Amino acid sequence: MKSADILKNIPKEGFLKVHRKPGPPLPAEKKTALIRKGNELFNKGDFEKAKRIFLTTGYTDGITRIGDYYFRKQDVLEAFRMYKMAPAPDKVDNIVEQMAGVVRHWLKDENSDNDQ
């Protein structure tokens, strides 16, 4: 399949849903308690529950650490989504650069095939 064909199949809305609707504001005490609970869950390895808490509270550092967890698991798209929501622009840029390198490699391979 040629790269032009691949590009035609990309959905207009993209591959990832990256949005964060702010919920109702949490009282400071409740937010602090939830973040502590999220950190405790994270440290125990319950990443999904910690993720829900961090996203609910908008805890940037926690969301970034969840992104790091996914990145280590080689779930780059979920890591990218977490980094976008955090926001963690340096980490987003790093993944975008890696993705661009993959596309450059594909295009180079396709051009090499056409030369033969």
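Just so you know, all these numbers are worked out from the coordinates, no wet-lab data involved. Keep in mind that this is a model prediction, so the values were computed, not measured. Using ideal geometry, Cβ is built from the backbone for each residue, glycine included, and neighbour counts are taken over all protein chains shown.
Using the Cα centre as the reference, give the magnitude of the dipole from point charges on the C-beta atoms of region 22-84 (Lys, Arg: +1; Asp, Glu: -1; all else neutral), rounded to the nearest 20 debye.
With Lys and Arg at +1 and Asp and Glu at -1, about 80 debye.
Using the charge dipole of region 27-115 (Lys, Arg: +1 at Cβ; Asp, Glu: -1 at Cβ; taken about the Cα centre), state which of Gly38, Met85, Thr64 has its Cα farthest towards the positive end.
The listed residue farthest towards the positive side: Gly38.
Determine the relative contact order of region 27-115: mean sequence separation of Cα pairs under 8 Å and six or more apart, normalised by residue count, in whole percent.
Once normalised by length, the contact order is 17 percent.
Quick check: residue separation of Asp109 and Lys73 times 0.36 nm, minus the Cα distance between them. What number comes out in nm?
My answer for the length gained is 10.2 nm.
Past 21 Å, Cα to Cα: identify those pairs from Lys51/Lys73; Lys31/Lys73; Lys30/Lys51; Lys30/Lys84; Lys51/Lys84, in the order given.
Long pairs (Cα-Cα over 21 Å): Lys31/Lys73; Lys30/Lys84.
Region 27-115: Rg/Rh from Cα coordinates, Kirkwood Rh?
Using only Cα positions, Rg/Rh for region 27-115 is 1.20.
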